[in-house]
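Novice: Attaching a single structure in structure tokens format; questions to follow.
Computed from the coordinates by the stated procedures, all read-outs in this text should not be read as laboratory data. Please read all numbers here as calculations on a predicted model, not as lab measurements. Backbone-built Cβ (ideal geometry, glycine too); neighbour counts: all protein chains shown.
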Amino acid sequence: QEESFENFIFLNNPDNSDITEDILRQFNSKNNQHLFHMATGAGKTMLMAATIIYLYSLGYKRFIFTTNQTNLISKTKLNLLPTLKSSKCEFKDKFIEVEGKKIQIKEVDNFTKYGNDVEILFITIHNLHNKINEVKENSINLNDIKNQDIVILADEAHHFQSNSKSTTIKKDNKSWE
């Protein structure tokens, strides 16, 4: 956990003078991606909580937690939302303090335009695909998110590539993948 988080901070530190310009340019791009490859029980949820706090300190307030299984959504909510009062929650208090500001970790169905709290949309990858491609009132869609800084946290992401593993990929495929 510590080594993974230290590497994550190292690569995302805007003032980092220890890395080459090419590496810094790659990781400061709009579409940077990081993978934490960790075994079951290794503390991924704690690492995710720390990552959320660190990214919040860099200005990110909106997060999408996605996975391919509904039961993992429920489990992660218990681990991240203090309002559910779970003994396993990484955030024990209703408010946490980040750089002197009291903020809440909130579950949302759509992101607000203003506010200082951490907003997390918990959704399966299938439902996210359906919602962002269909405009409905009070529901998240592609127009809502395409110009916002949003962090996507994907658990069990290796399961997201079921079609690309297939030997027969349809060119007109409109699935979530």
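Novice: Using a cut-off of under 13 Å, list every residue of segment 119-158 whose amide N is near the label point 7 Å from the Cα of Tyr60 along the Cα-to-beta-carbon line.
Specialist: So the set is 119-121, 149-155.
Novice: What's the percent breakdown of Cα-Cα distances in segment 36-156 across 10 Å bins, shortest bin first?
Specialist: 13, 45, 34, 8
Novice: Of Lys61/Lys92; Lys77/Lys101; Lys92/Lys131, which pairs sit farther than 25 Å apart, going by alpha carbon to alpha carbon?
Specialist: On the way: Lys61/Lys92 19 Å; Lys77/Lys101 23 Å; Lys92/Lys131 31 Å.
Result: Lys92/Lys131 exceed 25 Å.
Novice: Quick check: residue separation of Val98 and Asn127 times 0.36 nm, minus the Cα distance between them. What number comes out in nm?
Specialist: Working: separation 29, 0.36 × 29 = 10.44 nm, distance 3.14 nm.
Roughly 7.3 nm would be gained on extension.
Novice: Ok, one more. Mind giving me the nanometre distance, one decimal, between the label points for Asn138 and Ile150, set 7 Å out from Cα along Cα→Cβ?
Specialist: 1.9 nm
Novice: Still on this model: Only sites in a loop by DSSP and with at most 14 other Cβ atoms within 10 Å count here; which GluC sites (Glu not before Pro) in segment 31-137 make the cut?
Specialist: Values: sites: Glu90, Glu97, Glu99, Glu107, Glu119, Glu134, Glu137; in loops: Glu90, Glu99, Glu134, Glu137.
For GluC sites (Glu not before Pro) across segment 31-137 that sit outside H, G, I, E and B with at most 14 neighbouring Cβ atoms in 10 Å, the list reads Glu99, Glu134, Glu137.
Novice: Find, to one decimal place in angstroms, the Kirkwood hydrodynamic radius of segment 82-142, where the mean of 1/r is taken over every pair of different Cα atoms and then inverted. Please list the in-between numbers first.
Specialist: Numbers: mean 1/r = 0.0743 Å⁻¹.
Its Kirkwood hydrodynamic radius stands at 13.5 Å.
Novice: So, one more: Multiply the residue separation of Leu84 and Tyr114 by 0.36 nm, subtract the distance between their alpha-carbon atoms, and state the gained length in nm to one decimal.
Specialist: Values: separation 30, 0.36 × 30 = 10.80 nm, distance 2.41 nm.
Gain in length upon complete extension: 8.4 nm.
Novice: Which chymotrypsin sites (Phe, Trp or Tyr not before Pro) does segment 99-156 hold that lie in a coil by DSSP with at most 15 other beta carbons within 10 Å?
Specialist: Here the chymotrypsin sites (Phe, Trp or Tyr not before Pro) that fit, given the DSSP loop and packing criteria, are Tyr114.
Novice: Continuing with this model, one more query. Net charge near Phe65, counting Lys/Arg +1 and Asp/Glu -1 over other residues with Cβ under 9 Å of its Cβ? Walk me through the intermediate numbers first.
Specialist: Details: positive: Lys77; negative: Asp155.
Net charge in that neighbourhood comes out at 0.
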